[in-house]
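Written below as structure tokens is the structure these notes are about.
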Amino acid sequence: MSVPKVVFVLGPPGAGKGTQCQKIVEKYGYVHLSAGDLLREERAKPGSQFGELIENYIREGKIVPVEITCSLLEKAMESSGKEKFLIDGFPRSQNNLDGWNNTVAKRVKLLFVLYFDCPLETCTERCLARGAAGSGRSDDNVESLNKRVQTFLSETDPIIQHYKKLNLVETVDATKPAEQVFQSVSDIFDKIEA
Ligand code: UP5
Ligand code: MG
């Protein structure tokens, strides 16, 4: 078996990471692992040791300790039996990056970081509209969104800058309609797959 390949997918809350990942899965056959979705699933498990902790972190827009997230990601990678992964919404802090580099990173190849660039106001509007439409997400409200945005600026943006210095970031303008954004995304994946 060859070394599993990973693409990190980053961007502010509501930039469209999940939407675009779904399209990448359909066209390029990657497995989509959203760290946020995995945490929400873990939270929902009856008797989960971490359920309450995860809910508190998510509502407060804070980043869950990396041991929990990394172990969920690694389990999901193993159980998929596949070799190409989109890791969506991770690593979003120095703690995440250190935790990853000390564990899973040694067993996989990071291809690049796909960064969805989008003004924070647009991102916030998208999440609020999703909340108003009944997303059921406990963080799609003004209070949580302000915190999510602050966390993005203070903790996640430095990680994107770190990968930019390593020349590993592919930036996409995420302000356009989803189909147009996916055109730009496809151009990047076509190069990689060629
Ligand atoms: N939409 C999408 N694309 C659009 C477009 N081009 N034009 C107009 N509208 C567009 O999209 C968001 C909304 O916008 C949707 O309604 C969509 O239809 C519309 P989506 O694709 O869901 O965007 P995404 O970037 O995935 O937004 P999401 O809300 O999932 O981003 P977050 O990064 O905030 O959420 P995530 O689930 O990754 O994390 C949630 C929380 O979990 C974090 O705040 C944190 O507390 C915790 N977490 C960790 O602690 N550690 C982790 O590693 C990951 C998460
Ligand atoms: Mg998402």
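Here, each number is a calculation from the coordinates, and none is a lab measurement. Keep in mind it's a predicted model, so treat the numbers as computed, not measured. Please note: Cβ atoms are built from the backbone with ideal geometry, for glycine as well, and neighbour counts cover all protein chains shown.
Taking the beta-carbon count within 10 Å as an exposure proxy, list Y57, Y30 from fewest neighbours to most. Mind showing how you got there, number by number?
Values: Y57 18, Y30 21.
Going from least to most buried by this count: Y57, Y30.
Going through the cross-link list K106/K147; K62/K106; K17/K165; K109/K191; K17/K84; K106/K164, which pairs have a Cα-Cα distance over 24 Å in this structure?
Flagged as over cut-off: K106/K147; K62/K106.
Counting other C-beta atoms within 10 Å, which of F152, F8 has the fewest, and how do the rest follow?
F152, F8
List the residues, sorted by chain then number, that are 5 or more residues from F112 or on another chain and whose placed amide H is less than 5 Å from its amide H.
Result for F112 returns F8.
I need the phi-derived Karplus couplings for the stretch 61-71: 6.51 cos²θ - 1.76 cosθ + 1.60, θ = phi - 60°, integer Hz, Gly and Pro marked x.
x, 9, 9, 4, x, 4, 4, 5, 5, 4, 5
Under 17 Å from the Cα of K176, which aspartates and glutamates turn up, not counting those fewer than eight places away in the same chain?
D117, E121, E125, D187
Taking H as built 1.01 Å from N, whose amide H comes closer than 5 Å to the amide H of V31, not counting residues under 5 places away?
Excluding prolines and chain starts, which carry no amide H, the hits are K84, F85, L86.
Shape call for the stretch 5-193 from the C-alpha gyration tensor, a ≥ b ≥ c root eigenvalues: rounded (a/c under 1.5), prolate (a/b greater than b/c) or oblate? Walk me through the intermediate numbers first.
Numbers: a/c = 1.41, a/b = 1.08, b/c = 1.30.
Note, shape of the stretch 5-193 comes out rounded.
Expressed as a rounded percentage, what relative contact order does the chain have, with Cα pairs under 8 Å and six or more residues apart?
With pairs under 8 Å counted, the relative contact order is 34 percent.
To the nearest 500 deg cm²/dmol, what mean residue ellipticity at 222 nm is calculated for the chain from DSSP H runs of n ≥ 4 alone, each contributing -39,500 (n - 2.57), summed and divided by the residues?
-16000 deg cm²/dmol
For q values of 0.20, 0.26 Å⁻¹, compute log₁₀ I(q)/I(0) with the Debye formula on a Cα-only model of the stretch 1-93, without solvent.
Here the Debye-derived log intensity ratios amount to -1.01, -1.43.
So how far, in whole Å, is the C-alpha centre of the stretch 179-194 from the one of the stretch 11-64?
Between the Cα centre of the stretch 179-194 and that of the stretch 11-64, the gap is 23 Å.
Decide, for the stretch 110-173, between rounded, prolate and oblate: order the square roots of the alpha carbon gyration tensor eigenvalues as a ≥ b ≥ c, take rounded if a/c falls under 1.5, and otherwise choose prolate if a/b is larger than b/c, else oblate. Let's see the in-between values first.
Values: a/c = 2.72, a/b = 2.09, b/c = 1.30.
Taking the square roots of the gyration eigenvalues as a ≥ b ≥ c, the stretch 110-173 is prolate.
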